[in-house]
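**Q** Okay, handing you the structure first.
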Amino acid sequence: MTKLHRKSPLPKPPTRLVVAKMKSNIPDAAQRHQAQFGTDLEQHTRIICLSQRNDGILMWAHYADRHKGFVVGFRTEVLRRNHPHSEFLKVHYGLQRPLVPHPYVAPPEKDQLITAVSQKSLEWKYEEEWRLLINVTHLRRDQDPANTNLYLPIPPEAIDQVIFGSRCSDPLVSRIETALESTPGFNKIRRFRARLDPKLFRILVEKL
């Protein structure tokens, strides 16, 4: 005797109301995915921000204590060689925010992920920024357990120059000069001084 299996009924097609609700949830899901991408990136990656210019008046004001600090110039080829596991990316500037596709829609490609971490508003274009992406497993922690900061190991040969700001104090310059001369591998680092052009709105960088 043959036993007949009862066929399961076909699922009912969604009503217009259900379809509309599903569509309305898509932006929320995409927004949550974007937020989760940012959280995951922060947990596993650190971004070292660099600039390809050394004469930006705004950057000297914002990042170098209003011209009282100093700038360190790196040899990018050495940074690349010492951190082959990293990504060295040129930042692009535009009006639209980058989007990472939801994996249910399309698996994100590497180019899309790179765009998500290497794009900024046009307002920042003057910085001419580059970014070095490092996995946290390649960073070092301080010997003090209370210090939770992570540090990037930089070999002496990766440092090309030091530029003292136009308002950098003589005691600070002296301390840096002493440190460079007394630290093995640092005595060949080139030294420059930045000064404000008396006639034009620009910074002049002169070798010491």
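The values are calculated or read from the model by the stated rules, or taken from the named source; none is laboratory data. What you see is a predicted model, and the numbers here were worked out from it, not measured in a lab. Note that each Cβ is placed from the backbone with ideal geometry, even for glycine, and that neighbours are counted across all protein chains shown.
**Q** Within the range 37-47, does at least one residue satisfy the condition of being in contact with a Lys or Arg (Cβ under 9 Å, 6 or more places away or on another chain) and modelled with pLDDT under 95?
**A** Yes: the range 37-47 contains one or more residues that are in contact with a Lys or Arg (Cβ under 9 Å, 6 or more places away or on another chain) and modelled with pLDDT under 95.
**Q** For the range 175-198, indicate whether the set of residues that are β-branched (Val, Ile, Thr), under 28 Å from residue 82 (Cα atoms), touching a residue at least 60 places away in the same chain (Cβ under 8 Å) and in a helix (DSSP H, G or I) is non-empty.
**A** Yes - at least one qualifying residue is present in the range 175-198.
**Q** Would you check which residues across the range 160-175 are within 18 Å of residue 53 (Cβ to Cβ) and among the hydrophobic types (A, V, I, L, M, F, W, C) and list them?
**A** 162, 163, 164
**Q** Of the residues that sit in the range 168-194 and are within 28 Å of the chain's Cα centre (by Cα) and of a type outside the set (A, V, I, L, M, F, W, C), which one is farthest from residue 75 (Cα to Cα)?
**A** Checking each candidate, the answer is 193.
**Q** Looking only at the range 111-152, how many residues end up being of a type outside the set (Val, Ile, Thr) and free of Cβ contacts under 8 Å to residues at least 60 places away in the same chain?
**A** Of the residues in the range 111-152, 22 are of a type outside the set (Val, Ile, Thr) and free of Cβ contacts under 8 Å to residues at least 60 places away in the same chain.
**Q** If residue 125 satisfies every condition in (1) surrounded by 16 or more Cβ atoms within 10 Å (Cβ to Cβ); (2) closer than 20 Å to residue 61 by Cα; (3) under 19 Å from the mean Cα position of the chain (by Cα) but one, which is the exception?
**A** (1)
**Q** So in the range 40-73, with the set limited to residues that are of a type in the set (Phe, Trp, Tyr) and buried (at least 16 other Cβ atoms within 10 Å of the Cβ), which one is nearest to the chain's Cα centre (by Cα)?
**A** The selected residue is 60.
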